[in-house]
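Data block below; observations after.
The values are calculated or read from the model by the stated rules, or taken from the named source; none is laboratory data. Only a predicted model underlies this, so the values are computations on that prediction, with no experimental measurement involved. Glycine also receives a Cβ, built like all others from the backbone with ideal geometry; neighbour counts cover every protein chain displayed. Ligands, DNA and RNA are excluded from the accessible area calculation, which covers all protein heavy atoms including side chains. Shrake-Rupley method; radii C 1.70, N 1.55, O 1.52, S 1.80 Å.
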Protein chains: 2
Amino acid sequence: MALRVLFAARDALWSEYESPLTAAFADLGLDVDLARDHAPDVTDYIIYAPHDGLEDFSPYVNCKAIFSLWAGVERIVTNRTLTQPLAKMVNPDLTAGMVEWVTGHVMRHHLGMDRHILDQSGTWDPVVPPLAQDRPVVVLGLGTLGIACAQTLARLGFPVRGWSRRTKSVDGVVCYSGDKGLRIALEGAEIAVLLLPDTPGTTNILNTETLGLLARGAFIINPGRGPLIDDRALLRALGDGQIAHATLDVFRVEPLPKDHPYWAHPKVTVTPHIAAETRPETAAFEVARNLAGFEKGEPLQNLVDRSVGY
Amino acid sequence: MALRVLFAARDALWSEYESPLTAAFADLGLDVDLARDHAPDVTDYIIYAPHDGLEDFSPYVNCKAIFSLWAGVERIVTNRTLTQPLAKMVNPDLTAGMVEWVTGHVMRHHLGMDRHILDQSGTWDPVVPPLAQDRPVVVLGLGTLGIACAQTLARLGFPVRGWSRRTKSVDGVVCYSGDKGLRIALEGAEIAVLLLPDTPGTTNILNTETLGLLARGAFIINPGRGPLIDDRALLRALGDGQIAHATLDVFRVEPLPKDHPYWAHPKVTVTPHIAAETRPETAAFEVARNLAGFEKGEPLQNLVDRSVGY
C-alpha cells in the first residue's frame with residue numbers, strides 16, 4: 001500500500017515541490033501517495049514548512065516522522081503537540097548558497113568595495129586593503145552552515161574563530177563555547193558572521209555589550225536569524241562608529257517593513273532573505289532519501305534535538 | 001663596517017620603504033648603511049625599482065647583488081651594463097592580495113550584490129542567485145597569480161577554465177592554450193578574469209570578436225594589464241548588453257583620466273590599481289632576509305636567469 005505523505009506548507013511551496021518530490025520518490029522506488037489533505041490518522045509522514053494550516057500535530061497518531069523543508073525549525077520545535085520525530089533540512093545546495101553569500105559579503109567588506117561601487121566620480125585614490133590574514137573573523141554558530149562558512153573563510157586566509165553553545169572542534173578554526181568563550185571569540189574580531197539557530201539562548205546575542213567586544217569599526221553579517229541581534233543596540237553601535245556596517249539578510253519581521261530604519265540607514269545593507277534557499281530539486285531529493293532510509297530501518301537523518309531546540 | 005646598501009628607486013618608494021627596510025635589517029642584526037647616494041665603487045648592494053636615475057650599472061664594481069622590488073624584471077634584465085646577480089621579488093602577499101580582490105569581485109558579480117548596495121529603497125524582492133556550480137568562469141593567464149585565482153575560484157565551486165599561450169596543467173582547472181583554445185575557453189563563460197602579461201601577443205585580446213564568444217550578459221574583471229582590452233569594443237559590448245558589467249583595476253593610462261567614459265559608465269566599476277600590491281613591510285623583509293642569507297654564504301634566492309629573462 002502506498003505511503004501516505006502529507007505536504008503541509010503554503011500553496012507557493014506546493015507548486016514548487018509537488019513535481020520534484022513525486023520524481024524523487026519515484027527515483028527511489030517508493031510507492032507514495034503525496035497529497036495536501038490526508039486524514040490525520042492515516043498519515044504516515046508529514047513534509048512541513050511553517051504556515052497557518054497545521055498547528056495541532058496530536059491527531060497524527062500514526063505519523064512516523066516529520067520532515068522540515070527549512071533548516072531553521074524554531075517555529076515547529078516549540079509546538080507542544082509535536083511528539084513525532086522531526087528532521088530538519090540539511091541540503092548541500094543550501095550550504096553552498098550560504099557559503100557563497102557569506103564569502104561574498106565578507107570579501108565585500110574586507111576589500112571596502114562599496115566605496116568604489118558607490119563613488120565613480122573620478123577620484124583616483126589607491127588605498128590597498130589589508131590582507132585577509134590580518135582580518136580576524138568570528139563565526140557564531142557551528143552547525144552545518146557555520147562550519148562550512150568558517151572553513152571556507154579560513155581557507156581564504158582569514159584567521160577564523162568559531163563559537164557554539166556546546167564545545168565543537170573544526171579543522172582550521174579556533175573554536176570557543178559557552179558564555180566565557182563567547183567573549184573571547186568576539187574580542188577584537190573585525191567581521192562577525194551570525195549563523196546561530198533562533199532559540200531563547202541566542203535571542204539578542206549581539207547586544208550593546210557583545211557588540212562592544214568587537215574591534216572598533218567591525219562589520220556585522222547576519223544570514224542566520226533576525227532575533228540574534230538587538231536591533232536598537234545595533235543602530236546605536238552604527239551611530240557611534242563601533243560598527244562600520246551591517247549586512248542583514250534576516251529580520252524579526254519579514255518582509256522588513258518599508259519604514260524600518262535599517263532600509264534608509266547608510267551603514268546597513270538589507271538583502272531580502274536570499275542568503276541561502278532550500279532549492280526544491282535537491283531538497284525534495286533529501287527528504288525522499290531520508291524517508292526511504294527510515295522505511296528500511298535506518299536511523300532518521302538530521303534529527304532535531306528538542307532539548308536544545310535545533 | 002656597515003654594509004653600504006643603495007636604494008635606487010623613485011622618491012615615492014623611498015618614503016614607503018626606508019623605515020620598513022631599516023627595521024628589517026635591524027631585526028636581522030645586520031649593520032647596514034641604507035642611503036640613496038652611496039658612491040658606486042663602495043656600494044655593496046643595490047635595492048632597485050625601475051626609474052630614470054640609474055641606467056649604467058658598470059661603475060658598481062664591488063656590488064655583490066641587486067634586489068628588485070618588482071616581480072617583473074623586464075625593464076632591468078635587458079640592461080647590458082648589468083653584470084651583478086639579480087634577485088626578483090617573490091612575495092606571497094602580492095599573490096594573496098590578488099586572490100582576495102579577484103575572489104571578492106567574482107562573488108560580487110555572481111551574487112548580484114550591486115543591486116542591494118545601490119538600491120535600499122525598501123523593495124523586498126527575494127531573487128536567489130544561482131549557485132557557483134552553474135556559473136562558468138574563465139581565467140586568462142596562468143602565471144603565479146592566474147593559477148592561484150583559478151584554483152581558489154574552483155574550490156569555491158565555480159567551473160573554471162584557464163587559458164595561457166603555452167600549454168599548462170593546473171589541478172582543478174580545465175586548461176586551454178593557443179588561439180583555438182582561447183575560443184573554446186571563452187565560449188559561454190559568464191565571468192572572465194584577465195591576468196595576462198602585457199605583450200604584443202596579448203594586446204586587445206578582449207575585442208569585439210572575443211567578447212562575443214562569452215555568454216550574453218557576462219562580467220569582465222581586469223586586474224591584469226590595461227592593454228588587454230580593446231576599450232572601444234568593451235564600451236560597445238556594454239552598450240548592447242553582451243557584457244553586463246566590467247570591473248577594471250588597470251588602464252592604458254593611469255591614473256585613469258577624469259573624462260574617460262569608464263568613470264561615468266553605469267556598467268563599469270573603476271578601481272585605482274589596488275588589486276594587488278607589493279607591500280613594503282613584507283617586501284622589505286624579503287629583501288633583508290635574502291641579503292642576510294647571502295652575506296652568510298647561502299645562495300641568492302629568486303635569482304633571475306638572464307637567458308630566459310625572468
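In table form, for the structure just shown:
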item	result
Fraction of accessible area attributable to carbon and sulfur, chain A (%, probe 1.4 Å)	51
Sequence ranges A:298-309, A:87-98, B:197-208, ranked by mean other-Cβ count within 10 angstrom, highest first	A:87-98, B:197-208, A:298-309
Under 5 Å, built H, 5+ apart or other chain: amide partners of residue B:269	B:246, B:247, B:248
Residue-normalised accessible area of the protein assembly as shown, expressed per residue, 1.4 Å probe, Å²	43
Ascending list, in nanometres, of distances separating the residue A:42 label from those of the other copies (7 Å, Cα toward Cβ)	10.5
7 Å along Cα→Cβ, label-point gaps from residue B:119 to other copies, nm, shortest first	2.5
Segments A:220-230, A:118-128 sorted - mean Cβ within 10 Å per residue, highest first	A:220-230, A:118-128
Within chain B, percent of DSSP bridges classed antiparallel, to nearest 5	5
Size of charge dipole - the protein assembly as shown - debye, nearest 20, with Cβ of Lys, Arg +1 and Asp, Glu -1, no other charges	440
Shape category assigned to chain A from the gyration tensor of Cα positions, a/c cut at 1.5	prolate
Calculated label separations, residue B:212, copies of the chain, 7 Å along the beta-carbon direction, nm	6.5
Test item: B:116-122 mean partner chain Cβ contacts at 10 Å	6
Under 5 Å, built H, 5+ apart or other chain: amide partners of residue B:33	B:3, B:4, B:5
Karplus 3J(HN,Hα) series, Hz, for segment A:173-184 with 6.51 cos²θ - 1.76 cosθ + 1.60 (x for Gly, Pro)	10, 7, 9, 10, 8, x, 5, 5, x, 4, 5, 5
Phi to ³J(HN,Hα) by Karplus 6.51 cos²θ - 1.76 cosθ + 1.60 over segment A:132-140, Hz, x for Gly, Pro	3, 4, 9, 10, x, 10, 10, 10, 8
Loss of accessible area when A meets B, both sides summed, Å² nearest 100, probe 1.4 Å	4300
Mean residue ellipticity (222 nm) of chain A, computed from DSSP H runs ≥ 4 via -39,500 (n - 2.57), nearest 500	-9500 deg cm²/dmol
Whole-angstrom gap from segment B:1-63 to segment B:73-128, using each part's C-alpha centre	30
Segment B:249-290-segment A:198-267 distance, computed between alpha-carbon centres (Å)	34
For residue A:162, distant residues with modelled amide H under 5 Å away	A:139, A:174, A:175, A:176
From phi via Karplus (6.51, -1.76, 1.60), per-residue ³J(HN,Hα) for segment B:58-71 in Hz, x at Gly/Pro	5, x, 8, 6, 9, 6, 7, 6, 10, 10, 7, 7, 9, 6
Neighbouring partner chain Cβ atoms per residue of A:246-258, average, 10 Å criterion	2
For residues of B:94-100, the mean tally of beta carbons on other chains within 10 Å	4
